[in-house]
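Scroll down for the structure; my scribbles are underneath it.
The values are calculated or read from the model by the stated rules, or taken from the named source; none is laboratory data. A quick note: this is a predicted structure, and the numbers were derived from the prediction, not measured. Cβ placement follows ideal geometry from the backbone for every residue including glycine, while neighbour counts extend to all protein chains displayed. Only protein heavy atoms, including side chains, enter the accessible area calculation; ligands, DNA and RNA are left aside. Shrake-Rupley method; radii C 1.70, N 1.55, O 1.52, S 1.80 Å.
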Amino acid sequence: MNAKNTSNEKPFYITTAIDYVNGAPHVGHGFEKVQTDCFARFQRSCGTEVRYLTGSDENSIKNVQAAQKQGITTQELVDTNAAIFENLRSLLNLSTDDFIRTTQKRHFDGAKKFWQTINPDDLYKKDYTGLYCDGCEEFKQDKDLEENGDCPEHAKPPKEIHEENWFFRLSRYSDMLLDLIESDTLKIYPEFRKNEVVSFIKGGLEDFSISRSNERAKNWGVSVPGDDTQMMYVWVDALANYITALDYGESESELYTKYWNHAERVHVIGKGILRFHAIYWPAMLLSARLPIPNKVYAHEYFTVEGKKMSKSLGNVLPPEDLVKRYGTDGARYVLLTSMPYTKDGDLSYERTDALYNADLANGLGNLTSRIITLAGDIQYEVPTIDKRALAKDMDEFNVPAALEKIWKIVDRANKLMEEKKPWTLKKKEDKLSQVEFTELIERFLQDLHILATLLTPFLPETSEKIFTQLETRKKEILFERVK
Ligand SMILES: [Zn+2]
């Protein structure tokens, strides 16, 4: 692997959305983190300094409601559930560097500082009546709703709310945002999502409410600096996690300077919260005169056996179930290959069992054990690997495309194995067959080496296992051989 070719001088800061902790994680949560893990590991393997952040969004009214139902305090609820989300790190072998909880002091300090850094001309108080979806934690306009008036994300109607709130002058940033997005200064992936955001902005941006009354917030959240009757709108404090986790609240934070001011800043999120990341968050950052993200990638959603996951349908699939069935790398593979780049993915055991057997157990697993068994003490020269083939896909956040390229190598090697049948060559005693056998095995060992290298970001344990088996067979230094 040639680190110099692809190394990036800028540090790479990558984040997932922070999850609501009013329930346990499902495969969709797991998927987002595994995918982001691949981008983080890929950049590290290119020699780039990486910081990978995940976390939990704990200031939501949903947590207060869920705790009330269970008869425990909100703090107890968020402590218990945040621990389950944090445990995804070991369950799915994630290489996260930090886990931010928005009830932490560093977050409160940073969120308040962020509010105070927003241009005061962009903040004003106004009486407001609107339709609010608790599930989305968002005021809805008629055009956001289904024909029957339901929220499309939560399949129930939003509630009418009347109160006095702080507003952010989003309308002022329309042209600036449009320019930044159309010029790809803020690059949105995939392309069709960028077009959606552009047409949403062209449709006109309205100022939005960025606080709520203490009463409605049930006194749970980050209070608005200088106004003790109001709490910050949960999305405002939640979005700020990307900088509060870098100790933005401290007067001089090295982490913040390195990973926000001077880094490539990348957010990985679900498609349902793209507007928050591509419009509201950059607009507030512009107002605060802070750098905006460089890239926002919105992934699609999982259905289970063709249906949207929901508690009422009882089809919520926890990531543990996949790990129990396929192991950690197996679960990672199944998740990564079941989600198309531009449309929803579906999980069913019928399909994922077949996928696991064909690609991992038979495709890669059999190939590896066949080659290692045949290799005996044959050695191979370590090949040079050009990772630029995967760099384009990884830069565009297209994991399925990257994995497809890797599996072409698996398929090609398996095909060659069937054609050449090296085990029959091995039995022949003539010198020519022996030479042919050795050359063939060297080539197969090189293929395995390439596969183990390219698989590192996606299936880290599998890659490690293949490297262990190759260890004694490597010829690292090339000498001129004299017969
Ligand atoms: Zn909703």
Scope segment 223-233; condition outside any strand (DSSP E or B) and surrounded by 15 or more Cβ atoms within 10 Å (Cβ to Cβ); matching residues: Tyr233
query: Which of the residues belonging to segment 62-74 are without any contact (Cβ under 8 Å) to a residue 60 or more places away in the chain, under 13 Å from Lys218 (Cβ atoms) and in a helix (DSSP H, G or I)?
result: Ala66, Ala67, Gln68
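Conditions tested, residue by residue: (1) closer than 30 Å to Thr424 by Cα; (2) of a type in the set (A, V, I, L, M); (3) in contact with a helix residue (DSSP H, G or I) (Cβ under 7 Å, 6 or more places away or on another chain); (4) modelled with pLDDT of 95 or more.
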| site | (1), (2), (3), (4) |
| --- | --- |
| Val316 | no, yes, no, no |
| Asp321 | no, no, no, yes |
| Tyr341 | no, no, yes, yes |
| Glu350 | no, no, no, yes |
| Asp353 | no, no, no, yes |
| Tyr356 | yes, no, yes, yes |
| Leu364 | yes, yes, yes, yes |
query: Which residues, taken from segment 299-312, are assigned to a loop (DSSP other than H, G, I, E, B), over 18 Å from the mean Cα position of the chain (by Cα) and under 27 Å from Arg193 (Cβ atoms)?
result: Glu305, Gly306, Met309, Ser310
Conditions (1) open to solvent by 90 Å² or more (accessible area, probe 1.4 Å); (2) in contact (Cβ under 8 Å) with a residue 40 or more places away in the chain; (3) among the hydroxyl-bearing types (Ser, Thr, Tyr); number of the one not met by Tyr380: (1)
query: Which is closer than 26 Å to Ser171 by Cα, away from the ligand (no atom under 16 Å from the Cβ) and in contact with a Ser or Thr (Cβ under 9 Å, 6 or more places away or on another chain), of Asp109, Asp134, Asp98, Asp122?
result: Asp122
query: Residues of segment 419-434 being part of a helix (DSSP H, G or I) and under 14 Å from Leu374 (Cα atoms), which ones?
result: Lys420, Pro422, Trp423, Thr424, Leu425, Lys426, Lys427, Gln434
query: Pairs, please: C-beta under 7 Å, at least 6 apart or cross-chain, first residue within 23 Å of Tyr20 (Cα to Cα) and in segment 128-148, second within 10 Å of the ligand (Cβ to nearest atom) and among the charged types (D, E, K, R)?
result: Leu131/Lys140; Cys133/Lys140; Gly135/Glu153; Cys136/Glu153
message: Take residues that are under 28 Å from the mean Cα position of the chain (by Cα) and surrounded by 15 or more Cβ atoms within 10 Å (Cβ to Cβ) and tell me which of the strands (runs of 3 or more DSSP E) falling wholly in segment 156-222 contain 3 or more.
response: 187-189
- request: Mind listing whichever residues of segment 145-155 are at pLDDT 90 or above and within 15 Å of the ligand (Cβ to nearest atom)?
  value: Leu145, Glu146, Asn148, Gly149, Asp150, Cys151
